[in-house]
Amino acid sequence: LPELGACRTLMPRDASHAYTVFEHSLRVVRALDAVTRERSFFSDLMDSLRDPGPLYLAALMHDTGKIDPSASHSEIGEVLCVELGKRWKLDAPTTDLVAWLVKEHLTMARFVRMRDLQRPDTSHEFSQIVGDRERLAMLTLLTYADIQAVAPGSWTTVQEAFVKELFERTTAILESGTDLAPDPNVFRQRVLKRLQKEQVDEREMTIFIESLPAHYLVATAPDLIKEHLAFARQARTGDTVVEIFHRSDLAATDLTVVQADSPGLLSRALGVFYAFDLTLGGLRASTTEA
């Protein structure tokens with residue numbers, strides 16, 4: 001693989017990488033090998049593959065495009081894989097699969113980092129990218145191994161939980177063949193019906209729910225909506241509500257902030273996280289019409 005050999009001393013421009021492209025790629029392979037040593041979510045995925053060969057070849061090739069900084073390394077890597085397939089006389093489906101894995105090797109991590117996984121349209125869009133469960137399983141394994149091999153401690157419990165959630169939601173869509181997103185108006189009625197037994201002012205709750213964007217209603221559990229109503233009621237008096245809930249299962253903390261909206265509010269809130277050197281695993285912002 002001269003494509004990989006050319007990267008022997010190449011350091012990625014991303015400061016988070018602790019190794020050369022060459023060593024990082026070998027560590028990705030090592031991470032894939034280690035998956036099979038104990039039962040886990042990732043070992044089950046590996047066992048489900050018909051042929052892990054394309055996954056391993058993609059692991060070796062996924063960052064070779066960094067040799068050419070003129071364009072996205074994923075796109076350049078895809079071209080290199082097509083040329084490799086011709087040189088090695090690989091069959092067309094194998095070449096296409098390896099090239100696709102290299103082209104999309106950052107996609108799942110980007111969805112996990114930047115998209116709200118509880119919104120049905122997130123997993124629906126991701127399902128259109130992967131197309132079938134075999135590709136989904138391979139991309140999930142490559143995502144895990146790639147992040148694991150960036151530097152010590154780069155893979156976290158939060159990332160694993162989010163990757164699993166995206167995999168499971170996408171699998172459900174691929175197996176059903178339909179978009180699972182409910183109609184927001186129908187969902188409003190369901191939320192109101194579930195909250196009728198609660199000790200809340202039905203009129204106040206109705207006004208609150210109707211003031212919220214559809215993505216909030218689809219992605220938020222009814223019991224949380226009830227709590228958020230109380231937070232919003234307090235925030236209308238001018239207070240800032242900060243609610244902290246520690247998640248021992250994720251080794252992380254859910255932090256809810258409710259405040260009257262103002263220009264630059266989100267930037268100021270994120271500035272506090274930055275000032276205290278805190279890492280955000282995920283972010284959701286919802287603004288009511290009020």
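The values are calculated or read from the model by the stated rules, or taken from the named source; none is laboratory data. Worth saying up front: this structure is predicted, and the values here are computed from it rather than measured. As a convention, Cβ positions derive from the backbone with ideal geometry for all residues, glycine included, and neighbour counts pool all protein chains shown. We work out accessible area using only protein heavy atoms, side chains counted, and drop any ligands, DNA or RNA first. Shrake-Rupley method; radii C 1.70, N 1.55, O 1.52, S 1.80 Å.
Structure notes:
- Of all residues in region 7-33 being surrounded by 14 or more Cβ atoms within 10 Å (Cβ to Cβ) and small (Gly, Ala, Ser), the one that is farthest from residue 171 (Cα to Cα): 18
- Some residue of region 254-276 being touching a residue at least 60 places away in the same chain (Cβ under 8 Å), over 21 Å from residue 119 (Cα atoms) and more than 22 Å from the chain's Cα centre (by Cα): no
Each row is one residue, and each column tells you yes or no for (1) modelled with pLDDT under 90; (2) among the basic types (Lys, Arg); (3) closer than 19 Å to residue 156 by Cα.
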position	(1), (2), (3)
236	yes, yes, no
244	no, no, no
254	yes, no, yes
277	no, no, yes
280	yes, no, yes
285	yes, no, no
289	yes, no, no
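- From 38, 3, 23, residue being charged (D, E, K, R) and in contact (Cβ under 8 Å) with a residue 60 or more places away in the chain: 3
- Residue ID - surrounded by the fewest Cβ atoms within 10 Å (Cβ to Cβ), chosen from residues in region 60-87 that are touching a His at 6+ places or on another chain (Cβ under 7 Å) and of a type in the set (Gly, Ala, Ser): 74
- Filter result (under 16 Å from residue 258 (Cβ atoms) and open to solvent by less than 70 Å² (accessible area, probe 1.4 Å)) within region 206-225: 208, 209, 211, 212, 213, 216, 220, 225
- Filtered residue count, region 153-178, keeping only those that are touching a helix residue (DSSP H, G or I) at 6+ places or on another chain (Cβ under 7 Å) and open to solvent by less than 60 Å² (accessible area, probe 1.4 Å): 11
- Filtered residue count, region 230-242, keeping only those that are under 21 Å from residue 200 (Cβ atoms) and open to solvent by 80 Å² or more (accessible area, probe 1.4 Å): 4
- Boolean, residue 254 is among the acidic types (Asp, Glu) and open to solvent by 80 Å² or more (accessible area, probe 1.4 Å): no
- Looking only at residues in region 101-150 that are more than 19 Å from residue 50 (Cβ to Cβ) and of a type in the set (Val, Ile, Thr), the one that is surrounded by the most Cβ atoms within 10 Å (Cβ to Cβ) is 102.
- Sole exception among (1) open to solvent by 60 Å² or more (accessible area, probe 1.4 Å); (2) part of a loop (DSSP other than H, G, I, E, B); (3) within 26 Å of residue 207 (Cβ to Cβ) for residue 249, by number: (3)
- Only listed residue being hydrophobic (A, V, I, L, M, F, W, C) and closer than 28 Å to residue 285 by Cα, chosen from 163, 150: 163
- Checked against the criterion of being open to solvent by 80 Å² or more (accessible area, probe 1.4 Å) and not charged (D, E, K, R), region 41-55 has no qualifying residue.
- At least 2 residues being closer than 30 Å to residue 248 by Cα, at pLDDT 85 or above and not β-branched (Val, Ile, Thr) is the threshold, and among the helices (runs of 4 or more DSSP H) wholly inside region 109-216 those reaching it are 120-130, 133-148, 157-176.
- Inter-residue pairs, beta-carbon under 6 Å, first farther than 22 Å from residue 145 by Cβ and in region 77-102, second crowded, with 20+ Cβ neighbours inside 10 Å and not acidic (Asp, Glu), 6+ apart: 82/99
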